[in-house]
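Here's the structure we're looking at; comments come further down.
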Amino acid sequence: MALKLYNTLSRKKEIFKPFKKERVKIFVCGPTCYDFSHIGHARTYIVFDMIVKYLKQKGYDVFYLQNITDVDDKIIDRAVEEKVFWKDLSRKFEKEYLKDMKALNINSVSKYARATAHIKEIISQVERLLKKGFAYQIKDGIYYDIKKFKDYGKLSRRTVLMAEDAISRIDEAKGKRNKGDFCLWKFVVPEWQKSGKKFLRIPSWPSPSGDGRPGWHFEDTAITEKYFGFQYDIHGGARDLIFPHHEAEIAQMEAISGRKPLVKYWLHTGFLTVKGQKMAKSLGNFITVKDFVKKHSARILRLLVFRTHYRSPIDYNEKEIEQVKSQLERIDEFIDKLESIKGTKNKKWEKLTKSFVLPTEKEFEMAMDDDFNTPMALASIFRLITRGNQLFDRGKLTPAEARAILAFFRKIDRVFNFIFWGKRVAPKIPSFIKKMVREREEARKREDWKLADEIRRKIQWMGYKIEDTKEGPKLKKFKP
Ligand SMILES: [Zn+2]
């Protein structure tokens, strides 16, 4: 089956063909380390973790690169505000970010690359853009002239004029040629540096054009050029990065290399809102990864993310969490059932049922190959659970089949990590056993001794023994 990806560049689903067969180079925008990550950020990283794991499962050799923005105006502003040295602040939140990723079982990144470890590469790109006439110098820094790049706006479908609309993280400065021109290198203000206070010291590196620091869009292309070269396969990120950030990356690298496209497939994740609103500290709906994992669990967040297609918005609310929890309980309960029939064999049953894992496996792959349609993949898994439960309740699920389903679940969980990974909510006595005990009690009340006895035997076969006491039936683990 051919894998298809929705490419933001063409606004179409395209058959995935990496530059080099079987090898995939993927870059995803990493965190700006000035605060804790929230579950909206986590959504993007969970999605790309799933994508990379799925590509690996399909046999690709994947190099997953992510940058760490450890020098940026946001970091500097926060550091000054909190009276701490910028580097101490960014290192602290980098550590927190990596801790969050570990807690969410996001372990597919091949290399984390800090911006400050690539200053040499950044300066080299600035100089090349100046030389080629795409960049110009004014009093406070070096800027990119977006009018010089013919393809400007091809990703976001904005014109140079549209770039003048109010947009986030635009660099304001006197003397810019176009309002949408963005900063490549910001010169350091000497008065600030003279201050005796360490926390007021602004990051700065020497460069041929003057001491300063890189603009935000610049580290990505410097880092990807170092590890990937001029062109690579996939660039990912949240959809609010399309403009101006990713548009700027294209303008920088394609102007330097003269080659296009910089990236073959641009993949963007949808927003995560809370009760319809964007997550923001000022609105008090800012849920950090740390708090979420403490209150609920990482499993819940992963399933919550996969229930929606990665390009669609997710509205986070309590109802959604309850639904995720009950789905996880359903999965756990089903696995308990499958594990309870391990090792028992009955030839008659083997003949009665046919394997239904194979069709589900096909459905799963078809859904995932269609631009990573995880809600569709999950639907096929829940259909399998429904059918499996029906057979199990009739005592017709064979040990061979139980083993095949478990093996399939383990396989898909290497991509999803919410089935077996993390703390399962396995009850002491599974609820399906409790249900059987209730059914037996009802049979006894009706004086249907034959059925009651049959259920008792079935319960015993599953490893539990019923003792009828004056207070009612009591269950014990049964060891034959
Ligand atoms: Zn980026």
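The values are calculated or read from the model by the stated rules, or taken from the named source; none is laboratory data. As the structure is a computational prediction, the values presented were derived from the model and not from experiment. Here Cβ is always computed from backbone atoms with ideal geometry, including for glycine, and neighbour counts include all displayed protein chains. Note: accessible area is taken over every heavy atom of the protein model, side chains too, but ligands, DNA and RNA are not part of it. Shrake-Rupley method; radii C 1.70, N 1.55, O 1.52, S 1.80 Å.
Below is a table of values for the structure above.
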quantity	calculated
FRET efficiency for residue 23 and residue 376, using Cβ-Cβ distance with R0 set to 30 Å, rounded to 0.05	0.60
Per residue accessible area in Å² of the chain, where ligands, DNA and RNA are left out and the probe is 1.4 Å	48 Å²
Neighbour cut-off at most 13 other Cβ (10 Å), DSSP loop, trypsin sites (Lys or Arg not before Pro), segment 368-397	394
The chain - percent of accessible surface contributed by carbon and sulfur, probe 1.4 Å	52 percent
Residue 269 long-range amide H proximity, modeled H, under 5 Å	237, 238, 239
Kyte-Doolittle mean at least 0.5 and Cα axial length at least 24 Å: DSSP H helices in the chain	none
Spherically averaged projected area of segment 56-115 from its Cα convex hull (nm²)	4.8 nm²
Segment 59-97 residues near the modelled residue 197 label - backbone nitrogen below 18 Å, point 7 Å along Cα→Cβ	74-90
Extension gain, residue 339 back to residue 394 (0.36 nm per residue minus Cα-Cα distance, nm)	18.1 nm
Loop sites in segment 1-103: chymotrypsin sites (Phe, Trp or Tyr not before Pro), DSSP, at most 13 other Cβ within 10 Å	19
Fraction of antiparallel bridges per DSSP, the chain only, in percent to nearest 5	50 percent
Long-range amide H partners of residue 429 with built H, under 5 Å	none
Cβ-based charge dipole, the chain, positive-most Cα from 404, 133, 159	404
DSSP loop GluC sites (Glu not before Pro) with at most 13 other Cβ within 10 Å excluded, longest remaining stretch of the chain	173-446
In segment 171-259, the trypsin sites (Lys or Arg not before Pro) that fall in loop regions by DSSP, at most 10 other Cβ within 10 Å	174, 197
Helix-only mean residue ellipticity at 222 nm for the chain, each DSSP H run of n ≥ 4 adding -39500 (n - 2.57), per residue, nearest 500	-14000 deg cm²/dmol
Which of 469, 274, 2, positive extreme of dipole for the chain (C-beta unit charges)	469
Accessible area in the full protein assembly, largest first, 1.4 Å probe, for 440, 78, 456	456, 78, 440
Dipole in debye (nearest 20) - segment 242-341, about Cα centre, beta carbon charges: Lys, Arg +1; Asp, Glu -1	240 debye
Which of 303, 338, 317, positive extreme of dipole for the chain (C-beta unit charges)	338
Dipole moment magnitude, nearest 20 debye, the chain about Cα centre, only Lys, Arg, Asp, Glu C-beta charged	1620 debye
Cα centre as origin, Lys/Arg/Asp/Glu Cβ charges: segment 1-143 dipole, Debye	920 debye
